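The values are calculated or read from the model by the stated rules, or taken from the named source; none is laboratory data. Model, not experiment: these values are computed from the prediction. With ideal geometry, Cβ positions are generated from the backbone for all residues, glycine too; neighbour counts draw on all protein chains shown.
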Amino acid sequence: MANENRNSAHWGALAQFATPADLYHACEKVRDAGFSKWDAHTPFPVHGLDKAMGMQQSKLPWIVLGAGLTGAALAFWMQTWMSAIAYPLIISGKPYWSWQAFIPITFELGILFAAFGAVFGMMALNRLPMLWHPLFRSRRFERVTDDAFFISIESTDPKFDARATLELLTEFGATHVELVE
């Protein structure tokens, strides 16, 4: 039955909730029901919502660390190569390879690459830029940036069944449910 819904004209289901607390409890119930392709939409951060949704730790800190270490390593290697291999000059009696002088540039390039890793990693993990989304078809969803709280479940979710999902969201306390084309 779920395979039939994947080929339907529906993108998924959208449910509106009255308060952040209602949304929080509904997220716990949707998570416990076994849905995997769904999201919560709020006009402001709701404390603990990620835990209620069962979200895993972000991979972004590892991306930032990797990018920062890569930048620092490249900066240190570049300065070593220029000072000791490509253009060896004795300046003020210092040795060709004076690593202490390399620290400021190494630090700065590490920070620069970490910042790029944070921005581009966040964009990749969030699948941005997304200039259009199927939820934009819903007139009711326009209130998400103002005062409304929503849960959306995609029709590609293995547990998605149009009628059963709408009934389930209504049982969870939704004030309005609809199928998004």
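What residue, of MET53, MET78, is surrounded by 12 or more Cβ atoms within 10 Å (Cβ to Cβ) and closer than 30 Å to PRO20 by Cα? If you could, list the steps in order and put the result at the bottom.
On the way: MET78 fails: closer than 30 Å to PRO20 by Cα.
That would be MET53, the only listed residue that is surrounded by 12 or more Cβ atoms within 10 Å (Cβ to Cβ) and closer than 30 Å to PRO20 by Cα.
Looking at this structure, is GLU108 over 19 Å from the mean Cα position of the chain (by Cα) and exposed (fewer than 14 other Cβ atoms within 10 Å of the Cβ)?
The answer is yes for GLU108.
In region 26-41, which residues are outside any loop (DSSP other than H, G, I, E, B) and closer than 13 Å to MET55 by Cα?
Within region 26-41, CYS27, GLU28, VAL30, ARG31, ASP32, TRP38, ASP39, ALA40 meet the criteria.
Can you name the residue in region 89-138 that is at pLDDT 90 or above and among the aromatic types (Phe, Trp, Tyr) and is also nearest to GLY12 (Cα to Cα) among such residues?
Residue satisfying both the conditions and the ranking: PHE136.
From ALA9, ALA84, ALA21, ALA73, which residue is in a loop (DSSP other than H, G, I, E, B), surrounded by fewer than 16 Cβ atoms within 10 Å (Cβ to Cβ) and among the small types (Gly, Ala, Ser)? Step through it out loud before you land on a result.
Numbers: ALA84 fails: in a loop (DSSP other than H, G, I, E, B); ALA21 fails: in a loop (DSSP other than H, G, I, E, B); ALA73 fails: in a loop (DSSP other than H, G, I, E, B).
Answer to the selection: ALA9.
Looking at region 93-117, I want the residues that are closer than 12 Å to LEU69 by Cβ and have a partner that is loosely packed, with under 14 Cβ neighbours inside 10 Å and acidic (Asp, Glu) with Cβ atoms under 9 Å, at least 6 apart or on another chain. Which pairs are those?
none
Assigned by TED's automatic domain parsing to the domain that holds SER98 and β-branched (Val, Ile, Thr): does that describe THR70?
yes
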